[in-house]
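What follows is a set of notes on a single structure, which appears directly below.
The values are calculated or read from the model by the stated rules, or taken from the named source; none is laboratory data. Bear in mind the structure is a predicted one, so any value in this text is a computation, not a measurement. Neighbour counts are summed over all protein chains in view; Cβ atoms, including those assigned to glycine, are modelled from backbone coordinates with ideal geometry. When the accessible area is computed, the model is the full protein with side chains, heavy atoms only, and any ligands, DNA or RNA have been set aside. Shrake-Rupley method; radii C 1.70, N 1.55, O 1.52, S 1.80 Å.
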Amino acid sequence: GPDFHQSLYCHLLCGLIFHEEIQLVSSTFAHSIVLAFRTFEQVWEELCDDIREGVLTSRITFPSVRSAMAKLLKPNPELADLIEKKCSRLSNWYGLIPELFPNVKYIYGIMTGSMEPYLKKLRHYAADVPLISADYGSSEGWIGANINPSLPPESATYAVLPNIGYFEFIPLKENVEEHMQENGNVSFLSMEPKPVDLTEVRVGEEYEVIITNFGGLYRYKLGDVVKVMGFHNSTPEMKFVCRRNVMLAINIDKSTEQDLQFAVEEAAKLISKKKLEVIDFSSNVDVSTDPGHYVIFWEISGEVSDEVLTECCNCLDRSFVDGGYVSSRKVDAIGPLELRVVRRGTFQKVLDHYLGLGAALSQFKTPRCVGPTNNKVLQILCDNVAKNYFSTAF
């Protein structure tokens, strides 16, 4: 279909028509699955009307899509009543997926790294249906296989596929500094660490992945940071940690995507007590002020008091544990963190912006850090700020 929103609506409708035949719910990224069922919450009554009458809603405007759906859609009031009954008895949509699709066996997609923030909502929809994290891959090629799929996605490890490309690993600077200091040699610290081969990595240490593949990429840095958790036979088992090139930095601080994710998770616990959630989030470094400061954008599922949001803002500030950040905050080299709460639907506008540029939904990742080169996205976020708060944590 030529329009994402119309395609998703029809996809959901087809799923309901064939609800007993659905055995797998899958998408490339966990974000897409959560988005689909958030959409279902909003349109389920309209979907039931379509099934009851056997007539597709007027929101679907493309003739080719209407023609395709007309072949599947027949009046079925019994099914419409069944779906209405199921949806009406759910508590806050908990267990929606097995309720709609009683024969679903598991939910599959990439659920690590920047997709981890969506796991809580996905588990809410899934109830007891297992979540299985997909194999570790990238646009440049596959890297590892999830050989223990029964583990929760947060614990997923990937055995590197040694025959799919030639892999090398750059030890992270911290590891190298420690190693050099142990050996009394500091002259190497200003140079980039020498990559090590597949069999030379050490358990417990973190590396950046380099791939040489059959497609012609030669010693290409993926920008992924992985941690070696052990070995499967002779190939290392690795846990995805974060993207190396996503960070907030003003002074001597270096806050990674993982640091940001941890801070948001800690602060979000304060609103989870109110049965609310952070739908999505992003960040920015604001250097228009002196000193510069971190800005965190939140979209929240409901109304939260100013008192709680002020507490969330302070919690965010305290949760950034990078030594450079903490010391800079204490001496006011970095200003108080700012929490900006955006209106509902703001991150949908960000998604629509990328889809308008030709991006594929299945490949979409919410930008966790919006830099100065991404003015349009920053403008969307700033134009939709409803409230803002400054930390008093330091």
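Tell me, please, whether a residue that is surrounded by fewer than 18 Cβ atoms within 10 Å (Cβ to Cβ) and assigned to a strand (DSSP E or B) can be found in the stretch 184-199.
Narrowing the stretch 184-199 to residues surrounded by fewer than 18 Cβ atoms within 10 Å (Cβ to Cβ): 184-192, 194-199.
Then keep just the ones that are assigned to a strand (DSSP E or B); that gives 196-197.
Among the residues of the stretch 184-199, at least one is surrounded by fewer than 18 Cβ atoms within 10 Å (Cβ to Cβ) and assigned to a strand (DSSP E or B), which makes the answer yes.
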| note | Residue pairs qualifying under the 6 Å Cβ cut-off, at least six apart or on distinct chains, with the first in the stretch 325-340 being under 14 Å from Ala249 (Cα atoms) and the second being charged (D, E, K, R), are Tyr325/Asp253; Ser328/Asp253; Leu337/Asp317
| request: Being open to solvent by less than 20 Å² (accessible area, probe 1.4 Å) and hydroxyl-bearing (Ser, Thr, Tyr) is the filter here, so list the residues in the stretch 137-160 that pass it. | output: Thr157, Tyr158
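Any residue at all in the stretch 99-111 that is among the basic types (Lys, Arg), open to solvent by less than 70 Å² (accessible area, probe 1.4 Å) and under 25 Å from the mean Cα position of the chain (by Cα)? Spell out how you get there, then give the answer.
Restricting attention to the stretch 99-111, the residues satisfying the condition of being among the basic types (Lys, Arg) are 105.
The next check asks that each one be open to solvent by less than 70 Å² (accessible area, probe 1.4 Å); those that pass are none.
No, the stretch 99-111 contains no residue that is among the basic types (Lys, Arg), open to solvent by less than 70 Å² (accessible area, probe 1.4 Å) and under 25 Å from the mean Cα position of the chain (by Cα).
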| field | Positions within the stretch 373-387 being open to solvent by less than 80 Å² (accessible area, probe 1.4 Å) and at pLDDT 90 or above, in sequence order | value | Val377, Leu378, Ile380, Leu381, Cys382, Asn384, Val385, Ala386, Lys387
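For (1) part of a loop (DSSP other than H, G, I, E, B); (2) farther than 14 Å from Phe169 by Cα; (3) modelled with pLDDT under 90; (4) assigned by the TED database to the domain that holds Arg318, each residue gets a yes or a no:
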site	(1), (2), (3), (4)
Gly204	yes, no, no, no
Ile210	no, no, no, no
Met229	no, yes, no, no
Glu237	no, no, no, no
| query | In the stretch 112-128, which residue that is crowded, with 18+ Cβ neighbours inside 10 Å and at pLDDT 90 or above is farthest from Thr366 (Cα to Cα)? | reply | Ala126
| field | Sole residue being of a type outside the set (S, T, N, Q) and farther than 26 Å from Leu131 by Cα, chosen from Leu96, Leu100, Leu79, Leu90 | value | Leu79
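Matching residues to (1) buried (at least 19 other Cβ atoms within 10 Å of the Cβ); (2) among the hydroxyl-bearing types (Ser, Thr, Tyr):
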position	(1), (2)
Ile33	yes, no
Thr39	no, yes
Glu45	no, no
Arg59	no, no
Ala70	no, no
Lys85	no, no
Leu90	no, no
Tyr94	no, yes
Ile97	yes, no
| said: Name the single residue that is surrounded by the most Cβ atoms within 10 Å (Cβ to Cβ) among those in the stretch 239-258 being touching a Ser or Thr at 6+ places or on another chain (Cβ under 6 Å) and closer than 15 Å to Val370 by Cα. | reply: Leu248
| task | Could you please tell me which pairs satisfy a Cβ distance under 9 Å, a separation of 6+ or placement on different chains, a first residue in the stretch 1-12 that is closer than 13 Å to Pro63 by Cα, and a second residue that is at pLDDT below 80 and in a helix (DSSP H, G or I)? | result | Ser7/Leu361
